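Okay, so here's the structure we're looking at.
All of the numbers you see were taken from the coordinates with simple rules; none came from a lab. As the structure is a computational prediction, the values presented were derived from the model and not from experiment. Cβ: placed from backbone, ideal geometry, glycine included. Neighbour counts: every protein chain shown.
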Amino acid sequence: MNGSMRRMRALAVVSVFCLGACAQDSTVALRFTAIPDDNTSELKRKFEPLAEYLASALGVEVQYIPSSDYGASVEMFKNGDVQLAWFGGLTGAQARQAVPGAHAIAQGEEDRAYYSYFIVNASTGLQPTDAFPLALADLTFTFGSPQSTSGRLMPEYFLRQATGKSPREFFDRPYSFSGSHAQTLALVATGSFEAGAVNYRSYEAEVASGKIDPSRVRVIWKTPAFADYNFTAHPSLETRFGEGFTERLRTALIALDDPEILTALRRSKLVRAEDGDYEELSTIARSLELLR
């Protein structure tokens with residue numbers, strides 16, 4: 001074999017080795033996703049710095065994988081395409097039900113007592129009230145995603161509690177689902193819908209940024225508190241990264257103190273979460289046939 005042929009063969013061997021190594025590296029990366037409450041650029045601003053933080057804290061490659069909608073985030077988790085997800089209370093419960101051994105491991109301090117706002121376009125003339133606003137029945141109304149805890153599940157639950165009616169029975173006209181909190185706010189701001197339900201953090205963030213004028217999009221009712229967002233971990237983390245890795249991941253999340261990342265997440269800090277924190281919410285979801 002001449003020198004040229006030996007070099008070509010050596011290059012081929014190196015190429016095969018590199019392809020195998022690259023595939024292996026991709027396989028062992030920790031991939032995580034999040035329900036898409038905001039637009040793509042906002043989600044990247046939130047979660048790519050978090051991926052960098054976790055990679056440094058845990059010594060493994062961490063990749064943020066965007067999700068197209070709430071249902072897709074649950075499917076990615078269910079199929080093992082991601083091993084960690086930032087879920088709402090309902091999507092987290094759905095994911096844990098679908099994947100035995102999955103557990104909620106961390107939540108925002110604020111997620112222990114979360115709440116939603118019922119909002120209206122100012123042209124409706126409706127004013128804030130302590131009691132559930134029955135005048136909403138006459139308005140065009142949109143929830144957020146059908147799978148959203150704070151944009152659909154809990155607002156619907158409190159509507160049913162207050163009126164004894166389902167949304168179909170309560171609203172005089174067909175109601176809608178916008179797909180996200182950001183879209184609900186945009187639709188109510190433009191008057192495309194006269195009213196809607198959003199989580200309080202999204203509303204306050206868009207008011208603070210100047211995207212929403214509170215004189216045009218008015219909060220008329222605040223729901224009672226409920227548990228909401230959480231990081232849920234896939235059981236495959238233990239086999240991919242070794243026994244005890246899930247607890248290391250939980251510790252890293254709770255230890256997060258970077259003010260820029262926490263501000264992007266709209267949380268003051270992350271705290272320990274347990275599956276039991278979402279037991280009442282799961283019971284409500286089952287009563288509304290949103291969880292089996």
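Observations
- Rounded to the nearest whole Hz, the Karplus-based 3J(HN,Hα) values (6.51 cos²θ - 1.76 cosθ + 1.60, θ = phi - 60°) of the range 282-292 follow the sequence 5, 4, 4, 4, 5, 5, 9, 6, 9, 8, 7, with x at glycine and proline.
- With contacts taken as Cα pairs under 8 Å and at least 6 residues apart, the range 118-222 reaches a relative contact order of 45 percent.
- Structure-derived Cα extents along the principal axes in Å: which label, when the choices are (1) 68, 41, 40; (2) 87, 37, 35; (3) 50, 42, 39: (2)
- Net length gained if the chain between residue 247 and residue 122 were fully extended (0.36 nm per residue, minus Cα distance): 40.2 nm
- Sparse-neighbour loop sites [GluC sites (Glu not before Pro); the range 187-292; at most 13 other C-beta within 10 Å; DSSP]: 243, 274, 289
- ³J(HN,Hα), Karplus 6.51/-1.76/1.60, whole Hz, each residue of the range 178-195, x for Gly, Pro: 7, x, 6, 5, 4, 6, 4, 4, 5, 5, 6, 4, 7, x, 4, 10, 7, 8
- Annotation for the range 61-99 versus the range 116-169: alpha-carbon center distance of 27 Å.
- Full-extension gain in nm, residue 283 to residue 238, via 0.36 nm per residue minus C-alpha separation: 13.3 nm
- FRET E, pair residue 292, residue 207, Förster distance 25 Å, beta-carbon r, rounded to 0.05: 0.10
- Length gained on full extension, residue 97 to residue 254: 54.1 nm, using 0.36 nm per residue less the C-alpha separation.
- Mean separation of Cα contacts under 8 Å (6+ apart) over length of the chain, as relative contact order %: 26
- With contacts taken as Cα pairs under 8 Å at a separation of at least 6 residues, the range 142-292 carries a relative contact order of 20 percent.
- For the residue pairs 44/78; 78/269; 211/269; 78/165, alpha carbon separations beyond 32 Å are given by 78/165.
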